[in-house]
Amino acid sequence: MNQHDVLVVGTGLAGLSAAVRLAQSGARVRVLAKGVGATHLSGGTIDVLGYTPERVERPGEALAALPSGHPYARVGAARVAAALDWFKTQFSGGYTYTGSLEENLLLPTAIGVPKPTALAPVTMAGGDLRSVTEVMAVGFRGLKDFHPALLADGLSRTLPSVTARATELHLPVERRVEFNALGLARAFDQRDFRRTVITELTSRLRPGEVVAFPAALGIASPHDVWSELEHGLGRPVFEVPTLPPSVPGMRVFAVLRDALRRAGGSLLLNNVVVGAERSNGRVSSLRVRVGLREERHGADWIVIATGGFASGGLALDSDWTARETALGLPVAGVPEPGARRFEPQYFAAHPIARAGVAVDDRLRPVGADGFENVLVVGATLAGAEPWKEKSGDGLSLSTGHMAAELVLAESGATKEAIA
Amino acid sequence: MSDDVLGTLLMRDSLDHCVKCTICETFCPVANVTPLFPGPKYAGPQSERFRVADEASPDSSLDYCSGCGICTQVCPQGVHIAEINTQARAKLREKTGHKLRDRMIARPTLTGKLGTPAAPVANWTLSNPAFRLLVEKTMDIHRSAPLPTFAGRTFQRWARKHTSPASERRVAFFHGCGTNYYEPRLGEMTVELLEHNGIKVEVPKQDCCGLPLQSNGMFKDARGYAHRLAERLAPFAREGVDIVGTSTSCTLMLKREALEILEMGDDEALLAVSSRVYDICEYLLMLHARGELKTDFAAVEETVTYHAPCQQQGHGIGKPALDLMALIPGLNVVESTASCCGIAGTYGLKREKYDIAMKVGAGLFAEIAEATPDRVVCDSETCRWQIEHATGVRSVHPVEMLHRASGLSSPW
């Protein structure tokens, strides 16, 4: 059996944030994951708190006012701010993040609805609808996941202050069965393609218009692509998130994965945690299914970042028993059998939506003994409704970062006590 | 083996877990360089719904899947994408028939037996551009493809004459065809390294594991090879003796792929072997974790680039070679961040796929060119041959580094 200081289970934003922060502080960290996490599906912004249910302008103030059952109440605004600052420092070479807890940016989605978010890459920040007035939405023929007319129409409808119109470029992109955002990003990595885009667009733009592109301005060096377009078109240019695969989400994954490797941490995929060995109130090792085998991985600390129902971190059986799938931790907030579980309206507040693992102020699971060295983070947590609140990225980043800080503080304290 | 584990053999059931998230598509090294392969999601879970049982797919783009297995590794929902696609590819081939080329390159034992006695002639012929052009025209094996060089002797022959010192700790060595016919010195070094660590090494008579036949869609023949090999190795497994292999793709075949892809879950010998077989670096690192590996390594003042092959990553064991090489003083290891070298066993040898394979590996080759290492370290023989072909940098198995650092061979 191998031994690490910390085993992190899950490789989404929460797990990677915890793992990278720990590894950068010298801890021996291993990440175990079934597969690649949800970063590839996220828009690449860090949404901390967008709705409560009113639209939030100042997320720092709003999250301090959340009820005590909300996971942000465990974290607190100061720790969220620290996590955002840390996240920003992971990005360099021009492709950096901007924004803060002070006030939300208001960025357009692909259907032209404004979305409040705390942090965005510089390639998106120019789309802040609080200051933009005239927009040209640019699409690419054959790209099935981004429709400029839909974006322009949505913007004009939802924001009286914005005038938007659309255009579509018919450019020769390598013929593929599926032409998606990643394919377009690879095309943008080619200088000739960028030059053609600039040439084709220049005559179509009016003075004063800013340009919205699908979030596919390069995968190799997005900052260079974005700068070249801004320079070549002589006006602000910004990216708007697309359907998956999300290129900005892939950039986040790549940055954190590389940071983990540089800090000496390891990432093992196709490793599914199916249980634990416990002694003295702690988990001593994880039982991990790898292919057809079961292996043991030992560690002093365990961070559970396996996600919610959609990611398989939580499971709900047909008899309405819910379980946390890695360690079998109790799940709070599941309606009693026979009680109403869903509301008829899609966008209603569903009773099941806030189910998850409840934790104390040290992110330890509540209602379960024998897990003193287990911290639970991210979408596995009870009490939030991220897709309605627009809080998922912020929760994952801040609880992952907080778990790392707690482990560092507590293991440091233990070492001092032993010394 | 528990019922739960056997349940994963029902791979096709995993299709239902596909949520079309496209994560596999973003990681597919082949789809990333050619539109000829539409990507693992499209060719896999999406198309599988239209493939009628016992009928071949009408969509032949699946033929361009290299079988590297990265899609299965990255899938967050546990869909056995690569395995399903390998099965579907085999069905396609059943319908279209197998090329003579595929029948040849899928039988390394046959080519090995033919080429070994005539090694000087065979090697000269295979390096002759005119002959290779002829082979390309007649056999569709690309004229520049990295064919290995016959050693002119076999590892089995050496092993038969070699007596391993008695010890309570024993392993059985599954050396694979690459070691037997092309790199017998690697087999000798493995035996010497294990013996140096107080382990008696048994080398049972053995043949191909059937992996190249499986990759090329000849499942019936592949099952025959896998079963015969399992019968040779199973007595050790049943005795509680671990089986170690230096060919990482072939150990994966015995561990998992033959059970899953060839659906050999009722083969008792294979099940016994599957539970006892280890990649050599995985095994050596286990020894180290138990404090049983001699780590008084001599310094090796070199810079090497380490590339973990796709099939090695398919083991789900991380990169034990990196942990082992970290124990060697003076050795500067640059970890490659590229995913695939392109060769994927026999894929990159084929005339119509050679250019794709070279494009797939371009990222790795560029990393190596930039790092200017003294050598490349890589766990898979076909990957080493591809890397040497593309970069001109000598490529070795991690065992060779450990052998050297253990003072068992003289400096390079």
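The values are calculated or read from the model by the stated rules, or taken from the named source; none is laboratory data. If you're wondering where the values come from, they're calculated on a predicted model, not measured in any experiment. When we count neighbours, we look across all protein chains shown, and the Cβ atoms used for this are built from the backbone with ideal geometry, even at glycine. For the accessible areas, the whole protein counts, side chains as well, though only heavy atoms, and no ligand, DNA or RNA atoms are used. Shrake-Rupley method; radii C 1.70, N 1.55, O 1.52, S 1.80 Å.
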field: Reach of B:K99 by Cα under 19 Å, taken over aspartates and glutamates that are not fewer than 8 positions away in the same chain
entry: B:D59, B:D63, B:E136, B:D140, B:D221, B:E352
message: What three numbers, in Å, describe the spread of the alpha carbons of the stretch A:322-419 along their principal axes, ordered from the longest?
response: 60, 28, 19
message: Helix check for chain A. Which DSSP H runs span at least 20 Å along their own axis by Cα, with a mean Kyte-Doolittle hydropathy no less than -1.0?
response: A:247-262, A:392-418
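Report the local net charge at B:G112: Lys and Arg +1, Asp and Glu -1, summed over other residues whose C-beta lies under 14 Å from its C-beta. Kindly include the intermediate steps, with their values, before the conclusion.
Working: positive: B:R107, B:K113, B:R153, B:R157; negative: B:E183, B:D207, B:E381.
That sum, taken over residues with Cβ under 14 Å, equals +1.
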- prompt: Hey, what's the stretch A:1-81 come to in accessible area per residue, 1.4 Å probe, Å²?
  reply: 35
query: If Lys and Arg each add +1 and Asp and Glu each add -1, what is the summed charge of the other residues whose beta carbon sits under 12 Å from the beta carbon of B:A289?
result: -2
task: Would you pull out the residues with amide H under 5 Å of A:V8's amide H, same chain only if 5 or more places away, H placed 1.01 Å from N?
output: A:R30, A:V31, A:L32, A:V303
- request: Express as a percent, rounded to the nearest 5, the fraction of DSSP beta bridges in the stretch A:186-317 (both residues included) that run antiparallel.
  value: 80
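Using Cα pairs under 8 angstrom and six or more residues apart, how large is the relative contact order of the stretch B:49-120, in percent? Before the final figure, lay out the partial values.
Numbers: 37 pairs, mean separation 19.7, N = 72.
Relative contact order, the stretch B:49-120: 27 percent.
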- prompt: Counting pairs of alpha carbon atoms under 8 Å apart in space and at least six apart in sequence, what relative contact order in percent does the stretch A:1-119 give?
  reply: 23
- request: Taking the Cβ of A:R261 as the centre, find all other residues whose Cβ is under 14 Å away and add up their charges (Lys, Arg: +1; Asp, Glu: -1).
  value: +1
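So which of B:K137/B:K205; B:K113/B:K255; B:K294/B:K359 end up more than 29 Å apart by C-alpha?
Values: B:K137/B:K205 37 Å; B:K113/B:K255 26 Å; B:K294/B:K359 41 Å.
In this structure, B:K137/B:K205; B:K294/B:K359 lie more than 29 Å apart at Cα.
To check you understand DSSP bridge types, tell me what percent of the beta bridges within the protein assembly as shown (both residues inside) are antiparallel, rounded to 5.
Details: 29 of 82 bridges.
If we restrict to bridges inside the protein assembly as shown, about 35 percent are antiparallel.
By per-residue mean of other Cβ atoms within 10 Å, what is the highest-first order of A:127-136, B:30-39? Please list the in-between numbers first.
Working: A:127-136: 19.2, B:30-39: 21.9.
Put in order of decreasing packing, that is B:30-39, A:127-136.
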message: What lysines does A:K144 reach when the alpha-carbon gap must be under 21 Å and sequence neighbours fewer than 8 apart in one chain are set aside?
response: B:K20, B:K41
- request: Have a look at the stretch A:29-71 and report residues whose accessible surface goes down by 50 Å² or more when the remaining protein chains are included, against the chain on its own, probe 1.4 Å, ligands and DNA/RNA excluded.
  value: A:K34, A:V36
Pairwise centroid distance, computed over Cα atoms, of the stretch B:327-404 with the stretch B:225-275, Å: 27
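Taking each residue of B:311-322 in turn, how many C-beta atoms of other protein chains fall within 10 Å of its C-beta, and what is the average?
Details: counts 0, 0, 3, 3, 5, 12, 8, 9, 3, 1, 0, 1.
Other-chain Cβ atoms within 10 Å of each residue's Cβ, averaged: 4.
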query: How do the peptides B:307-315, B:362-370, A:299-307 rank, highest first, by the average count of neighbouring beta carbon atoms within 10 Å per residue?
result: A:299-307, B:307-315, B:362-370
message: Once neighbouring chains are kept in place and the probe is 1.4 Å, which whole percent of the accessible area of the stretch A:93-182 is contributed by carbon and sulfur?
response: 53
Accessible surface of the stretch B:202-271, 1.4 Å probe, proportion on carbon and sulfur as whole %: 45
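Which whole-number percent is the relative contact order of chain B (Cα, under 8 Å, 6+ apart)?
Values: 727 pairs, mean separation 62.4, N = 412.
The normalised contact order for chain B reaches 15 percent.
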query: Setting aside same-chain residues fewer than 8 positions from B:K161, which aspartates and glutamates have a Cα under 13 Å from its Cα?
result: B:E188, B:E202
message: Using 10 Å bins from zero, what percent of all Cα-Cα pairs in the protein assembly as shown falls into each bin?
response: 2, 12, 22, 24, 20, 12, 5, 1, 0
message: Inside 10 Å of the C-beta atoms of B:70-78, what's the mean count of C-beta atoms belonging to other chains?
response: 6
Base-10 log of normalised Debye intensity for the stretch B:80-212 (one unit scatterer per alpha-carbon) at q = 0.19 Å⁻¹: -1.08
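Of the beta bridges DSSP finds with both residues in chain B, what % are antiparallel, to the nearest 5? List each step's numbers first, then the result.
Values: 1 of 22 bridges.
Around 5 percent antiparallel, to the nearest 5.
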message: Taking all protein chains in place and a 1.4 Å probe, what share, in percent, of the accessible surface of the stretch A:199-333 do carbon and sulfur account for?
response: 49
- prompt: Under the definition of partner shielding as Cβ atoms of other protein chains within 10 Å of a residue Cβ, what is the mean value for peptide A:113-126?
  reply: 0
